Amino acid sequence: MTRAQRRRPSTSARRVIRIECDALRALNSRLGTCFDEACGLILRSKGRTVLTGMGKPGFIAQKISATLSSTGTPSLFLHPAEALHGDLGRLTREDVLVALSNSGRTEEIVKLLPLIKKIGVRLIALTGDRRSPLARHADVALDVSVRKEACPLNLAPTASTTAMLAMGDALAVALLELRGFRAEDFAFYHPGGSLGKKLLLKVSDIMRTGKANPVVPHRMPVEDVLYRITGARAGSATVVDARGRLAGIFTDGDLRRHLRSGQTLLHAPVNRVMTADPVTITPDRLAAEALEILRTRRIDELPVVDGKKRPVGLIDVQDLLKAGLV
C-alpha cells in the first residue's frame, strides 16, 4: 500500500477544502470593473440571462440560472450541444449569454461563438483563460482561474467549478441588490416553501369560517355553546353582543377553570364564564403574525374580526400546523 493510499480520508478532505478556499480568496482579489460591467449588461438587458456550459461547468451553469431566476433575473439554461442542433433558436438579440468554460476552448462553446455574434447576443464569459477564444469573443470576461484543482491529478474540475459557482452567486446577489429585490419578492417565486408561506399566506387564507367557526350570542347557555363547539369540531366559540360585535371567547380552558370553582355552569349564560376582550387579528394580516400572537400569548385560538369588531373567522393552532407554518 502506498503512502497516498494510507492517507486518512479526513486529511484529503482538509486538503481539498484548503485548495478551494485559496481559489475563492484569489477570486475575491480579482473582482473589479469587469464584474461591474457584467452586472450592467444584465441589468440593461430586455431579455433573459441565458447560461451555458458543457460537462461539470454545465451543471454549475444550471445552478446559477436557477439562482438568478429565483432572485429577480429571468434566466434559463441552454445546453451548448443542443444549441448546435436547433435550440439556438431560444436565443434572441435582447438576451445576455453567460458561458462557462475553464479552458475557454470547449469545442461546443467555441462553435457557438460566431452564431452568437450573428444573432447579436451580448456575451459574458466565466473562464480560467483570458487569452482563450471564449474570452476574446466575450463582451466581458470574468477571470475564474485557479492555481490548481483539488483533484490530486489536477484533472477533475473541483476548485475551478467552485470558483465558477461563487462567481455566479456573486452575480445573482449583486443583481438582487441592484434591483432592490425584497424578501416578499423572493417569497413570490417560492410559494411552496416555508418562506413563501410566511410572507404570502394571509389569515383569510386559512381561517375557519361558516359552520367551522361557532359564533354564539352572549346570553346563550354554556350547555348549548358546548354543543355548538362540538358540532363545529372546534376548540372554542366566539361570543358576540346584541349588536353582533365581539364580546369574548369561550374555550375549553374557561370550561375547566369554572368547573373547578364549583359553580353551576351548564345553564349559566356564556358571558359569565367567557374570556372578555380577547386578543384578535384581522383577515388581511399575515398568517405568520397569527402564529406569533399564539406563541407569545400562549393561547390556541384567535378570533378574526373585521374593522367593526365583528367576528369573521377563527384561527386555531391546528390550522397553522396544517398550513406548514409550525
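Just so it is clear, none of the values below were taken in a lab; they were calculated from the coordinates. On a predicted model such as this, the values are computed, not experimentally measured, just so you know. When we count neighbours, we look across all protein chains shown, and the Cβ atoms used for this are built from the backbone with ideal geometry, even at glycine.
Report the charge-dipole magnitude of the chain in Debye, nearest 20, computed about the Cα centre from +1 at each Lys and Arg Cβ and -1 at each Asp and Glu Cβ. The partial results should precede the final answer.
Values: 50 positive and 33 negative charges, 165 e Å.
With only Lys, Arg, Asp and Glu charged at Cβ, the dipole is about 800 debye.
Counting Lys and Arg as +1 and Asp and Glu as -1, each charge on the Cβ, what is the dipole of segment 3-181 about the Cα centre in debye, to the nearest 20? Walk me through the numbers on the way to the answer.
Numbers: 27 positive and 16 negative charges, 151 e Å.
Dipole magnitude for segment 3-181 comes out near 720 debye.
Work out the P(r) tail for segment 3-181: percent of alpha carbon pairs separated by more than 20 Å, whole number.
Numbers: 8152 of 15931 pairs.
When all Cα pairs of segment 3-181 are counted, 51 percent exceed 20 Å.
Which ordering of S12, S70, S132, S101 is given by a fewest-first count of other beta-carbon atoms within 10 Å? Mind dumping the intermediate values first?
Values: S12 13, S70 18, S132 21, S101 31.
Taking fewest neighbouring Cβ atoms as first place, the list is S12, S70, S132, S101.
Using the alpha-carbon atoms, what tilt in degrees (0 to 90, nearest 10) does helix 287-297 show relative to the longest principal axis of the chain?
Relative to the chain, helix 287-297 is tipped by roughly 60 degrees.
Considering the chain as a Gaussian network with a 10 Å cut-off on Cα pairs, which listed residue, A174, A276, A237, attains the greatest mean-square fluctuation?
Residue with maximal mean-square fluctuation among A174, A276, A237: A276.
Quick one: P(r) of the chain from all Cα-Cα pairs, 20 Å bins, percents rounded to integers, in order of increasing distance.
26, 31, 23, 19, 2
Could you list E301, E107 in order of exposure, starting from the residue whose Cβ has the fewest other Cβ atoms within 10 Å?
Numbers: E301 23, E107 12.
Listing E301, E107 from fewest to most nearby Cβ atoms yields E107, E301.
To the nearest 20 debye, what is the magnitude of the charge dipole of segment 203-322 about its Cα centre, counting +1 on the Cβ of each Lys and Arg and -1 on the Cβ of each Asp and Glu? Could the numbers behind the result be given before it?
Details: 19 positive and 15 negative charges, 54 e Å.
Using Cβ point charges on Lys, Arg, Asp and Glu, segment 203-322 gives about 260 debye.
Determine the distance separating the Cα centre of segment 126-169 from the Cα centre of segment 22-68; give it in Å without decimals.
So the separation of the two Cα centres works out to 11 Å.
Using only alpha-carbon positions, what ratio does the radius of gyration of segment 203-322 give when scaled by 2.2 N^0.38 Å?
On the way: Rg = 13.6 Å, N = 120, 2.2 N^0.38 = 13.6 Å.
After normalising by residue count via 2.2 N^0.38 Å, the value is 1.00.
Around L142, under 10 Å between beta carbons, what's the net of Lys plus Arg minus Asp minus Glu among the other residues?
Result for the local shell: 0.
How tilted is helix 56-70 with respect to the longest principal axis of the chain? Cα atoms for both, answer in degrees (0 to 90, nearest 10).
40 degrees
Using the number of other C-beta atoms within 10 angstrom as an exposure proxy, rank H258, H85 with the fewest first.
Numbers: H258 18, H85 8.
Fewest-to-most ranking of H258, H85: H85, H258.
Would you kindly state the longest site-free stretch of the chain, with sites defined as trypsin sites (Lys or Arg not before Pro) in a DSSP loop (not H, G, I, E, B) surrounded by at most 14 other Cβ atoms within 10 Å?
246-297
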